[in-house]
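> This is the structure I want to talk about, given as structure tokens.
The values are calculated or read from the model by the stated rules, or taken from the named source; none is laboratory data. Since the structure is predicted, the reported quantities are computational estimates derived from the model, not experimental observations. We place every Cβ from the backbone using ideal geometry, glycine too, and count neighbours over all the protein chains shown.
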Amino acid sequence: MNLEDEAATAAAGARLATVARPGDVITLSGPLGVGKTAFARGFIGALRHEGEVPSPSFSIVQPYEQLEPPVWHVDLYRLEDESELDELGLDSVADAVLLVEWPDRAGENAWPDALALALDFGEKGYRILTAKVPPSWEGRWPFP
Ligand SMILES: Nc1ncnc2c1ncn2[C@@H]1O[C@H](COP(=O)(O)OP(=O)(O)O)[C@@H](O)[C@H]1O
Ligand SMILES: [Mg+2]
């Protein structure tokens, strides 16, 4: 999927929010500045979050408990060791959607059932979105 500008990337995130369910994990890979947080902002905004959606690159975890479904926005860029992952308590959030930037910091196979999205730089500001789709996402991605 080609995303022509930041608004298009946010719109893709917003569209994904309409098919997400509690317990889903969505990973967002790709280089710095490619639009992972922009995508997450669209997703969280579509669930009627009011207010800012700061990048969790410093906090690592930014929960949005009041949303339906609740969302935990996670950025593992600053994770120094896989063992730090346990301290974040991410496995205790079965009723929320996990949106994870820099999932590779957690190791190869931390979320085998995740919808694994990857963003890359295309020409003229475009971004290219690709997905690895597990069985639990069939019929939900690509967008119906
Ligand atoms: N097609 C696009 N999709 C998303 N962001 C874009 C696009 N074109 C330009 N941008 C810009 O790229 C930057 C993406 O930043 P951000 O979402 O924080 O990236 P990341 O979280 O991947 O590091 C923003 O400054 C945004 O305005
Ligand atoms: Mg980011």
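> Quick one: which residue in Leu79, Leu90 is in contact with a helix residue (DSSP H, G or I) (Cβ under 6 Å, 6 or more places away or on another chain) and either surrounded by fewer than 16 Cβ atoms within 10 Å (Cβ to Cβ) or of a type in the set (A, V, I, L, M) (or both)? Steps first, please.
Details: Leu90 fails: in contact with a helix residue (DSSP H, G or I) (Cβ under 6 Å, 6 or more places away or on another chain).
Step by step, each of Leu79, Leu90 is checked, and only Leu79 is in contact with a helix residue (DSSP H, G or I) (Cβ under 6 Å, 6 or more places away or on another chain) and either surrounded by fewer than 16 Cβ atoms within 10 Å (Cβ to Cβ) or of a type in the set (A, V, I, L, M) (or both).
> Taking interchain pairs and intrachain pairs at least six residues apart, which have beta carbon atoms under 8 angstrom, with the first residue in segment 94-111 and free of Cβ contacts under 8 Å to residues at least 40 places away in the same chain and on the phi > 0 side of the Ramachandran plot and the second surrounded by fewer than 20 Cβ atoms within 10 Å (Cβ to Cβ) and of a type outside the set (Gly, Ala, Ser)?
Pairs found: Gly107/Glu82.
> What is the residue count in segment 52-85 for residues that are farther than 13 Å from Thr37 by Cα and within 12 Å of ligand 1 (Cβ to nearest atom)?
Total satisfying the criteria: 0.
> Do any residues in segment 33-52 that are closer than 19 Å to Val19 by Cβ have Cβ atoms under 7 Å from those of residues that are more than 13 Å from ligand 2 (Cβ to nearest atom) and charged (D, E, K, R), where the two are at least six apart or on different chains, and which pairs are they?
If the second residue must be more than 13 Å from ligand 2 (Cβ to nearest atom) and charged (D, E, K, R), the pairs left are Leu47/Glu68.
> Is it the case, given these coordinates, that Val34 is crowded, with 17+ Cβ neighbours inside 10 Å, in contact with a Phe, Trp or Tyr (Cβ under 9 Å, 6 or more places away or on another chain) and part of a loop (DSSP other than H, G, I, E, B)?
Working: crowded, with 17+ Cβ neighbours inside 10 Å: yes; in contact with a Phe, Trp or Tyr (Cβ under 9 Å, 6 or more places away or on another chain): yes; part of a loop (DSSP other than H, G, I, E, B): yes.
Yes; evaluated as a whole, the condition is true for this residue.
> I'm told Ile44 meets every condition in (1) within 16 Å of ligand 2 (Cβ to nearest atom); (2) at pLDDT 95 or above; (3) farther than 25 Å from Glu123 by Cα; (4) not in a helix (DSSP H, G or I) except one. Can you identify the failing condition by its number?
Answer for Ile44: the failing condition is (4).
> Step by step: first the residues of segment 4-31, then only those that are out of contact with any Leu (no Cβ under 6 Å at 6 or more places or on another chain) and assigned to a strand (DSSP E or B), then the one that is farthest from ligand 1 (Cβ to nearest atom). Which residue is that?
Filtering first and then ranking leaves Thr27.
> Further question: For Pro103, work out the one condition from (1) surrounded by 12 or more Cβ atoms within 10 Å (Cβ to Cβ); (2) more than 16 Å from ligand 1 (Cβ to nearest atom) it doesn't fulfil.
Evaluating Pro103 over (1) surrounded by 12 or more Cβ atoms within 10 Å (Cβ to Cβ); (2) more than 16 Å from ligand 1 (Cβ to nearest atom) leaves (2) as the failure.
> For a quick check of your reading of the model, give me the residue pairs whose first member lies in segment 2-17 and is over 23 Å from Pro70 (Cα atoms), whose second is part of a helix (DSSP H, G or I), with beta-carbon atoms closer than 7 Å and at least 6 apart or on different chains.
Qualifying pairs under 7 Å: Leu3/Thr9; Leu3/Ala12; Asp5/Gly125; Glu6/Ala38.
> Now a separate question. Which residue, of Leu85, Leu119, is among the hydrophobic types (A, V, I, L, M, F, W, C), in contact (Cβ under 8 Å) with a residue 12 or more places away in the chain and more than 21 Å from Asn2 (Cα to Cα)?
Going through Leu85, Leu119 in turn, just one is among the hydrophobic types (A, V, I, L, M, F, W, C), in contact (Cβ under 8 Å) with a residue 12 or more places away in the chain and more than 21 Å from Asn2 (Cα to Cα): Leu85.
> Kindly evaluate Ala116 against the criterion of being more than 15 Å from ligand 2 (Cβ to nearest atom), within 19 Å of Pro134 (Cα to Cα) and touching a Ser or Thr at 6+ places or on another chain (Cβ under 6 Å). Walk me through it before giving the result.
Working: more than 15 Å from ligand 2 (Cβ to nearest atom): yes; within 19 Å of Pro134 (Cα to Cα): yes; touching a Ser or Thr at 6+ places or on another chain (Cβ under 6 Å): yes.
Considered against the rule, which asks whether it is more than 15 Å from ligand 2 (Cβ to nearest atom), within 19 Å of Pro134 (Cα to Cα) and touching a Ser or Thr at 6+ places or on another chain (Cβ under 6 Å), Ala116 comes out as yes.
> Right, here's the next one. So which residues in segment 22-65 are more than 24 Å from Gly107 (Cα to Cα) and among the basic types (Lys, Arg), if there are any at all? Before the answer, list the steps.
Of all residues in segment 22-65, those more than 24 Å from Gly107 (Cα to Cα) come to 41-54, 64-65.
Selection gives Arg41, Arg48.
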